[in-house]
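This report refers to the structure that appears directly beneath it.
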Amino acid sequence: MTKFADIKGFVFDLDGVITDTSILHGTAWHQLADSLGVAWSKELGDGLKGISRMDSLEMILKAGGKENDYTQAEKEKLAAQKNTNYVAEVDKMTPANILPGMKAFLDSLRAKGYDLSLASASKNAPRVLGKLQLADYFPKIVDPATLTHGKPDPEIYTRGAELLNLPPEQCIGVEDAAAGVAAINAAGEVSLGIGDAKELGAADMVFSDTAEVTLENIAKKLG
Ligand code: B16
Ligand code: MG
């Protein structure tokens, strides 16, 4: 098991970790599901966390038994419609939308010389970081458009460690979604989950809230 002293870098998820765009994603998908006549549920919304835009649409259509009702071109139009609604909300974001403690945590990582990269499935990640005024912290962003597989496949976290030129076992991956924790584990990194310990039970360590994520607390858990 990796010791705290072995850790040299952090690979971050964005949505649900640095800011709560998961609510905005959920609202925009909920709107689309309503317009398609697909019944919405909390479980359906939670299952979309960390899942790419097109895979999310597929999951919604499947939940409503409509997976064969649309052509690829029509699906792309639906996904674009959701994205237009989502981006309109993102553009209202400010640094006040950074989750509790996360700015201080990023500052402490920088001060201690840890290297950072971003492993978000979101094609809107650079835009979101800009709105939060955090773009400077993340010059190294995995481009999700270049990936073959989405989370829970390890690819995005493997690439996140490669951007840092670090072996995966020297990196901590930070996630709010079960699919993301599975991706971190499969990439061979140390997984830090933020959220419900039951939902994120596969993580090496779980914090119930972003405010608890500090280097001191990580060191305590990792030993
Ligand atoms: P976009 P993460 C993920 O971001 C979201 O959790 C997920 O709900 C969203 O569908 C996905 O990004 C794609 O986002 O439509 O903006 O490209 O959690 O991996 O940072
Ligand atoms: Mg997330």
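The values are calculated or read from the model by the stated rules, or taken from the named source; none is laboratory data. It should be emphasised that the depicted structure is a prediction, and the values quoted were computed from it without experimental measurement. Cβ coordinates were reconstructed from backbone atoms using ideal geometry, including for glycine residues, and neighbour counts include every protein chain displayed. What goes into the accessible areas is simple: the full protein's heavy atoms, side chains included, and nothing from ligands, DNA or RNA. Shrake-Rupley method; radii C 1.70, N 1.55, O 1.52, S 1.80 Å.
Computed values, structure above
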item	result
Accessible area per residue, Å², the chain with all protein chains present, probe 1.4 Å	46 Å²
Region 35-103: chymotrypsin sites (Phe, Trp or Tyr not before Pro) in DSSP coil with no more than 16 other Cβ atoms inside 10 Å	Tyr70
Filter on Lys123/Lys220; Lys103/Lys131; Lys42/Lys131; Lys42/Lys62; Lys49/Lys140 - keep pairs with C-alpha separation over 25 Å	Lys123/Lys220; Lys42/Lys131
Distance from region 23-86 to region 161-223 (C-alpha centre basis), Å	28 Å
Peptide ranges 73-84, 18-29 listed from the most packed, as the mean C-beta count within 10 angstrom indicates	18-29, 73-84
Of all accessible heavy-atom area on the chain, the percent that carbon and sulfur account for (1.4 Å)	51 percent
Packing-based order for 106-114, 151-159, using average beta carbon neighbours within 10 Å, highest first	151-159, 106-114
Environment charge at Thr94 (Cβ cut-off 15 Å; Lys +1, Arg +1, Asp -1, Glu -1)	+1
